[in-house]
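The values are calculated or read from the model by the stated rules, or taken from the named source; none is laboratory data. What you see is a predicted model, and the numbers here were worked out from it, not measured in a lab. As a convention, Cβ positions derive from the backbone with ideal geometry for all residues, glycine included, and neighbour counts pool all protein chains shown. These area figures cover heavy atoms from the full protein model, side chains too; ligands, DNA and RNA do not enter into them. Shrake-Rupley method; radii C 1.70, N 1.55, O 1.52, S 1.80 Å.
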Amino acid sequence: MGGDHGPSVTIPAAISFLQREPEAELILVGQEELLRAVLRKHKQADAARIRIQHASEVVTMDDPIEVALRRKKDSSMRVAVNLVKDGQANAAVSAGNTGALMAVSRYVLKTIPGVDRPAICTILPNQKDGPTYMLDLGANVDCEPQHLHQFALMGSALVSAMEGKPKPSIGLLNVGEEEIKGNEVVKQTAELLHADHEKGILNFYGNVEGNDIFEGTTDIVVCDGFVGNVTLKASEGLGRFVKIVLTTEFKKGFFNKLGALIAYGAIKALSRRLNPSRYNGASLLGLRGLVFKSHGGADVYAFEWAIRRAYDAAKYDVLSRITTTMAELIPQVEALHVADRAATSTETTEQKTV
C-alpha cells in the first residue's frame, strides 16, 4: 500500500514476478477491496498463487515513527511484518516509509543476538560486472565503532551466503586509503576490523574511497547510514543522468541517429548495467526475519526486482545462515576484544609499576 504509487505498481510487479517464478506464492497485504479491484483490472481476480491479507490502515510516507508503531497497529506494514514473525511468510517487501519500516520490523521481529542495530544493505554495480554490497544505507545516521563493526560482520555473512564466498573482502569507506585519515569513529572501526583480520575472523582490505565502490575493489563497503544514503542517491541520480544525456544526444541529427543505430547493442547493454531499477531492493540486516525495502518511487520493473531479492534470500536460507555465522563470529570477536583489553590493562599496570 505504501510508496509513491501503491497498488498501481506493487500488484502489476507481483503478477509479473509470479509469471517468472512458478513455485512462488505471494500475500498481498492492504485494503482488501482496493487490492481486489486492481487485481480485476489486470484479470487476476482468481489467481491461484495470490492471497490477500486485509489491513485496515496505511502508514503514509509522512507519518512519524511513533504513529506507525503505536497508533496504526493494523497497518499493511505492521501486518506484513507480523506474517513473517508468525511464519506465514518467508519475507516481507515494502516500498513504504523507510524509518517506519525499520522501526516496526525491529519492534516486531527483534534483532539477532550480538546485533545492536539493524542496517540497510543493497548491491551496486561495479566494473567487474559483479555486485558490490554496501551498508548501512540510511537506517543509522549516527554510528559508533561497534555498530560499523557489526555491519561488517553481517555483510560478510550475507555475501558468504548469497555469493558463495567463504571470506568476502571488506572495505571501510573513508576520505582516503591512508590509516591516518578519517574521523575518530572510522579510525576506531578500522582498528577493530584489523584485529579481526589478523585473527582470521574477517577479510578486511582496509580503507576504500568512493571510486572503489564501482571499481569492485572489495565485495563489501561499510559506512554509516548518512554517508551510505547520500552515496546511493547520488549514484542513482548519475545513472539516470547518463542515460538521459545519451538518449538526448543520439536523437540530435541524422548522423547521431545513425551512430545510435550502429551502436544499438552496446547502448542497450550500457543502459541495462546502469539502470538503478535492477538494483532495487535493500535488505534490513540484523533482524530475526527477512524484510526488504524498495524505493518509494519504484516503478513496476524496479519493484519486481525488490520482490526477487526477497525471494532469493528466502530461497537460499540467508536468514539462518547469517544467524549461524553471527553466532559463530560474535563469541570469537568478544573473546578477542577481552584478550586485547586484558593485554592493555597488563601493559598499563607494568608501566605504572616501573
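Which members of the stretch 284-328 meet the condition of being within 23 Å of GLN19 (Cα to Cα), β-branched (Val, Ile, Thr) and either in contact with a Gly (Cβ under 9 Å, 6 or more places away or on another chain) or surrounded by fewer than 20 Cβ atoms within 10 Å (Cβ to Cβ) (or both)? Of everything in the stretch 284-328, those that are within 23 Å of GLN19 (Cα to Cα), β-branched (Val, Ile, Thr) and either in contact with a Gly (Cβ under 9 Å, 6 or more places away or on another chain) or surrounded by fewer than 20 Cβ atoms within 10 Å (Cβ to Cβ) (or both) turn out to be VAL300, ILE307. In the set (1) touching a Ser or Thr at 6+ places or on another chain (Cβ under 8 Å); (2) over 19 Å from TYR311 (Cα atoms), SER94 fails one condition alone, (2).
Report yes if some residue within the stretch 277-287 is at positive phi and in a loop (DSSP other than H, G, I, E, B); otherwise report no. So far as the stretch 277-287 goes, yes, one or more of its residues are at positive phi and in a loop (DSSP other than H, G, I, E, B). Confirm whether LEU172 is in contact with a Leu (Cβ under 7 Å, 6 or more places away or on another chain) and over 16 Å from LEU284 (Cα atoms). Answer is yes for this residue. Going by the conditions given, is SER94 touching a residue at least 12 places away in the same chain (Cβ under 8 Å), touching a Phe, Trp or Tyr at 6+ places or on another chain (Cβ under 8 Å) and crowded, with 22+ Cβ neighbours inside 10 Å? Here the answer is yes, as SER94 does meet what is asked.
In the stretch 52-66, the residues that are among the aliphatic types (A, V, I, L, M) reach residues that are open to solvent by 60 Å² or more (accessible area, probe 1.4 Å) and in a loop (DSSP other than H, G, I, E, B) with C-beta atoms within less than 8 angstrom, at least six apart or across chains, in these pairs: ALA55/GLN31; VAL58/GLN31; MET61/ASP4. Considered as a group, the residues in the stretch 112-129 that are under 16 Å from the mean Cα position of the chain (by Cα) and open to solvent by 20 Å² or more (accessible area, probe 1.4 Å) include one that is farthest from ASP86 (Cα to Cα), and that residue is PRO125. Residues that are open to solvent by less than 10 Å² (accessible area, probe 1.4 Å) and either of a type in the set (S, T, N, Q) or under 21 Å from the mean Cα position of the chain (by Cα) (or both) within the stretch 194-203 comprise just one, LEU202. In the set ARG51, ARG78, ARG20, only one residue is farther than 23 Å from TYR301 by Cα and either touching a Pro at 6+ places or on another chain (Cβ under 8 Å) or of a type in the set (Lys, Arg) (or both); that residue is ARG78. Counting the residues of the stretch 247-269 that are open to solvent by less than 60 Å² (accessible area, probe 1.4 Å) and either outside any helix (DSSP H, G or I) or aliphatic (A, V, I, L, M) (or both) gives 5.
Candidates are the residues of the stretch 169-188 that are open to solvent by less than 10 Å² (accessible area, probe 1.4 Å) and modelled with pLDDT of 95 or more; the one that is farthest from THR218 (Cα to Cα) is LEU172. Scanning the stretch 1-46 for residues that are under 27 Å from the mean Cα position of the chain (by Cα), of a type in the set (Asp, Glu) and more than 22 Å from ASN90 (Cβ to Cβ) yields a single hit, ASP4. Among the numbered conditions (1) part of a loop (DSSP other than H, G, I, E, B); (2) touching a strand residue (DSSP E or B) at 6+ places or on another chain (Cβ under 6 Å), the only one that CYS121 does not meet is (1).
When GLY206, GLY228 are checked against the criterion of being within 26 Å of the chain's Cα centre (by Cα) and surrounded by fewer than 20 Cβ atoms within 10 Å (Cβ to Cβ), a single residue qualifies: GLY206. For ARG117, the conditions (1) closer than 20 Å to HIS54 by Cβ; (2) among the charged types (D, E, K, R); (3) in contact (Cβ under 8 Å) with a residue 60 or more places away in the chain all hold with the exception of (1). Just so you know, in the stretch 4-25 the residues that are touching a residue at least 60 places away in the same chain (Cβ under 8 Å) and of a type in the set (Val, Ile, Thr) include one that is surrounded by the most Cβ atoms within 10 Å (Cβ to Cβ), and it is THR10.
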